[in-house]
1. All but one of (1) in contact with a Ser or Thr (Cβ under 8 Å, 6 or more places away or on another chain); (2) open to solvent by 10 Å² or more (accessible area, probe 1.4 Å); (3) of a type outside the set (D, E, K, R); (4) modelled with pLDDT under 85 hold for Phe173; state the number of the condition that does not hold.
2. Do we find a residue being of a type in the set (Val, Ile, Thr) and either more than 27 Å from Ser61 (Cα to Cα) or in contact with a strand residue (DSSP E or B) (Cβ under 6 Å, 6 or more places away or on another chain) (or both) anywhere in the range 191-206?
3. If you go through the range 31-40 one residue at a time, do you hit one that is of a type outside the set (D, E, K, R), closer than 24 Å to Ile235 by Cβ and either without any contact (Cβ under 8 Å) to a residue 12 or more places away in the chain or open to solvent by less than 30 Å² (accessible area, probe 1.4 Å) (or both)?
4. Pairs needed: first member in the range 48-65, closer than 21 Å to Met233 by Cβ; second member anywhere, among the acidic types (Asp, Glu) and buried (at least 18 other Cβ atoms within 10 Å of the Cβ); C-beta distance under 9 Å; at least 6 residues apart or different chains.
5. Among what's in the range 150-165 and is among the β-branched types (Val, Ile, Thr) and assigned to a helix (DSSP H, G or I), pick the residue that is nearest to the chain's Cα centre (by Cα).
6. What are the pairs, 6+ residues apart or on separate chains, where a residue within the range 172-189 that is farther than 9 Å from Pro112 by Cα and touching a residue at least 24 places away in the same chain (Cβ under 8 Å) has its Cβ under 7 Å from a residue that is β-branched (Val, Ile, Thr) and open to solvent by 10 Å² or more (accessible area, probe 1.4 Å)?
7. Name, by its number, the condition in (1) crowded, with 21+ Cβ neighbours inside 10 Å; (2) closer than 27 Å to Thr23 by Cβ that does not hold for Pro191.
Amino acid sequence: MASLPIVSIFISSFCTLLGALPTLFIANLSHGKKDNLLAFTAGVMVAASTYSLIPSALKLSNMTVLCVGILLGALVLTLLEQTLPHSDLEHSDTMPAGAFLLFITMALHNVPEGLSVGVSFASQVDDLGPLVALAIGLQNIPEGFLLALFLITQGTGRWKAFGYTFLAGFTEFASAWAGLLFGGQLFVIVPYGLAFAAGAMLFIVYKELIPESHGHGHERSATFSFILGLLMMVILTGYLGE
């Protein structure tokens, strides 16, 4: 049983890679498909913020912590966005600014999730650790797919996108280890981290994903894709008991 936390943390963290695997086999996408997938991603992220991260932060703290964390998340992403070069996506070998912002957002989002898994095992409450690890792991599968897909649609190579998804999963793995090792000392920062991740997600949705999905004449289908993405994540979090 001593190995259960280690195995659970590893599997939960790297479910992001499981979700990213199908993107290695997706053929070139038309503008319409890209717009719909971007909008779907936006819907998932809005639902993850409002139906998972924000309620979890409130359960662990209060409205002040929530507001501070959300505003900090949006502020940090604003500062990052202002310092990143907005290079032409068609003529750049580096990760485009919007794709980099989403990668940073997902990596930051994974930190409080990883801490939650690690702290849950450290608490030694019966079955809490495995349940939290299962819930986070299942949520990581669509998130890994959407992160890799967005990176690919923004001009990042498939294997590079897969590598960046691995890095995002590794941030959760490292933070889960920290939560397991330090337990109670890190519990106080978890609600701030959850609220911070929510603010960062909401920023990237409104600043990057929605405008990018509405620029090629597919606004109506993209709108329904957004709604479907939101509903999928609401249903998923509902089944996981969030």
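1. With (1) in contact with a Ser or Thr (Cβ under 8 Å, 6 or more places away or on another chain); (2) open to solvent by 10 Å² or more (accessible area, probe 1.4 Å); (3) of a type outside the set (D, E, K, R); (4) modelled with pLDDT under 85 applied to Phe173, the lone miss is (4).
2. no
3. Within the range 31-40, one or more residues are of a type outside the set (D, E, K, R), closer than 24 Å to Ile235 by Cβ and either without any contact (Cβ under 8 Å) to a residue 12 or more places away in the chain or open to solvent by less than 30 Å² (accessible area, probe 1.4 Å) (or both).
4. If the second residue must be among the acidic types (Asp, Glu) and buried (at least 18 other Cβ atoms within 10 Å of the Cβ), the pairs left are Ala48/Glu143; Leu53/Glu113.
5. Thr165
6. Gly179/Val119; Gly183/Val119; Leu186/Val119; Phe187/Val119
7. (2)
Conditions tested, residue by residue: (1) aromatic (Phe, Trp, Tyr); (2) at pLDDT 85 or above; (3) open to solvent by 40 Å² or more (accessible area, probe 1.4 Å); (4) farther than 29 Å from Ser8 by Cα.
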| residue | (1), (2), (3), (4) |
| --- | --- |
| His86 | no, no, yes, yes |
| Ser92 | no, no, no, yes |
| Pro96 | no, no, no, yes |
| His109 | no, no, no, no |
| Leu128 | no, no, yes, no |
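The values are calculated or read from the model by the stated rules, or taken from the named source; none is laboratory data. Predicted model, so just to flag it, every value in this text is computed and none were measured. Heads up, the Cβs are rebuilt from the backbone with ideal geometry, glycines too, and the neighbour counts pull from every protein chain shown. To get the accessible areas, we keep the full protein, side chains included, count just its heavy atoms, and leave off ligands, DNA and RNA. Shrake-Rupley method; radii C 1.70, N 1.55, O 1.52, S 1.80 Å.
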